[in-house]
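The values are calculated or read from the model by the stated rules, or taken from the named source; none is laboratory data. From a predicted model like this one, the values you see are computed outputs, not experimental measurements. Reconstructed Cβ throughout: ideal geometry from the backbone, glycine too, with neighbour counts over all protein chains shown.
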Amino acid sequence: MQYMFQRKQNRMWLAGCVALIILFYGLYLMTSENTPAWHNMAKLFIKNDKSDVAGDYFRINGNSIILFNINQPATAFKPIEHPEDPNAKVEYTEPWMGDVNERLNRRTVEFFRGTINDGLIRHFSHPGQDGAWAYSPNWNTIYISTDWVDFKDPDSSSPHTFTLWRSTDGGYTWKQLDWPRARSINQLFFLDAQRGYAVGWPSIWRTADGGHSWQEIKAPAIAKDKHLDAVDLGADGVLRVAYYVKQKGDIHESTIVDRLAWDRDTFEQDVVLPGQTVIDMKSSVVIPGTACKNYVVSSLGLPYDDSNPDDNGRRTKAISSWVSGPKPVVEQLRTFDSDWGIDTLPFLQVGRRGVIFVHATDTNMQDAIFASTDDGKSWKAIKQDTLFAMSPNDFDPDTNTKYVIEDNMLMKQVW
């Protein structure tokens, strides 16, 4: 009798816990008024592999998914014979696992393709601690670059080795393109299967034949000894680069955004942002009958001076926009308090119908997203818990859908 009573109490306790979970989840969905709810899509898995699904860079179309990832080698420990012994030694199963430089050397650039329901299959893997990817609108043609450096080389100036690859069957098979191993690639941008850019430094390279041949495009002369703060291939097919200058003619302590049309061989000035340093730059999706609109998030004031101990790096940030065309006019949409360190995340995302997201982290490392659905006229801050921390490429601008993979669970939020 006592046993049955205990079982009944356990069932009541479990039911109460479930009710509380449902209640708190419902409250979570209502924490931000008119904010779309997150919905579970499926539990992702990799076929014939025990690895978790990881990767900040992926795209989804219906049930199909492609995913780009920088993979860290798996490590494991030997079983401890006497776990009760406080002096028991913990050892890796293989000696290389304890060498941080060896672990870095074993990182790989990977590409997966599959379906949400049936799982993912790895179709590309090559040594690299960094890399970039680009794909045609129909996913038939995909490009991947890899960047590998020997961390075990005692010479700290060990050169980087770059490779470039192309798939013309949706990522199932790959062919290495002829690319000089010392020529850097930081980003890849493609208009379609054949036309695109490989952005390195101090040069930018352009191809019109699917990567078989490349034309060097000189970076703006004033920027050669600097770094590009942001690069974007606009929805209008124009490549834009942003860089800060102390002085260029009558321009002082400003960011210059230069533009390169596909049919031009040299950059020309697009806009000037006085007293600002650009952090990220994106453009709107082309909508028939409307012009392309460009957006930048910038830091106001002088750039951060890491040699100055009194400079804490905190700056007021701003988001501005302008419409492509002759003599564009820059409009500042809003500013963000200096407590929000939005320069610490890959944060600017722009979708259709006036949807804009600015990712932010405050001084207490609390994540949030500033969201606008009316092209920057009004904004709301949405606090993020760790479960829904955003990644650089989690947003599909064509459908205004945010995705996240957490513990192999794929979730989406449609705006």
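Of all the criteria given as (1) modelled with pLDDT under 95; (2) more than 28 Å from residue 47 (Cα to Cα); (3) more than 21 Å from the chain's Cα centre (by Cα), the one not satisfied by residue 200 is (3).
Mind checking whether some residue in the stretch 80-89 is closer than 26 Å to residue 405 by Cβ and either surrounded by fewer than 17 Cβ atoms within 10 Å (Cβ to Cβ) or among the hydrophobic types (A, V, I, L, M, F, W, C) (or both)? So far as the stretch 80-89 goes, no, none of its residues is closer than 26 Å to residue 405 by Cβ and either surrounded by fewer than 17 Cβ atoms within 10 Å (Cβ to Cβ) or among the hydrophobic types (A, V, I, L, M, F, W, C) (or both).
Which residue is farthest from residue 169 (Cα to Cα), if the candidates are limited to the stretch 118-138 and must be in a loop (DSSP other than H, G, I, E, B) and either among the small types (Gly, Ala, Ser) or at pLDDT 95 or above (or both)? Ranking the qualifying residues of the stretch 118-138, first place goes to 129. Just one of the listed residues (164, 177, 188) is surrounded by 15 or more Cβ atoms within 10 Å (Cβ to Cβ), at pLDDT 95 or above and in contact with a Gly (Cβ under 6 Å, 6 or more places away or on another chain), and it is 177. Residues in the stretch 119-151 that are in contact (Cβ under 8 Å) with a residue 60 or more places away in the chain and among the charged types (D, E, K, R) were compared, and the one that is surrounded by the most Cβ atoms within 10 Å (Cβ to Cβ) is 122. For the stretch 75-109, give me the residue count where each residue is of a type in the set (Lys, Arg) and either farther than 23 Å from residue 128 by Cβ or in contact with a Lys or Arg (Cβ under 8 Å, 6 or more places away or on another chain) (or both). The total comes to 2. Only one entry in 42, 15 is outside any loop (DSSP other than H, G, I, E, B), among the hydrophobic types (A, V, I, L, M, F, W, C) and at pLDDT 85 or above, namely 42. Check whether at least one residue in the stretch 340-350 is under 30 Å from residue 46 (Cβ atoms), outside the structural domain of residue 118 (by TED's automatic domain parsing) and either in contact with a helix residue (DSSP H, G or I) (Cβ under 7 Å, 6 or more places away or on another chain) or modelled with pLDDT of 85 or more (or both), and report yes or no. Yes, the stretch 340-350 contains at least one residue that is under 30 Å from residue 46 (Cβ atoms), outside the structural domain of residue 118 (by TED's automatic domain parsing) and either in contact with a helix residue (DSSP H, G or I) (Cβ under 7 Å, 6 or more places away or on another chain) or modelled with pLDDT of 85 or more (or both).
Evaluate the following for residue 142: is it within 23 Å of the chain's Cα centre (by Cα) and at pLDDT below 95? So residue 142 does not fit the description; no.
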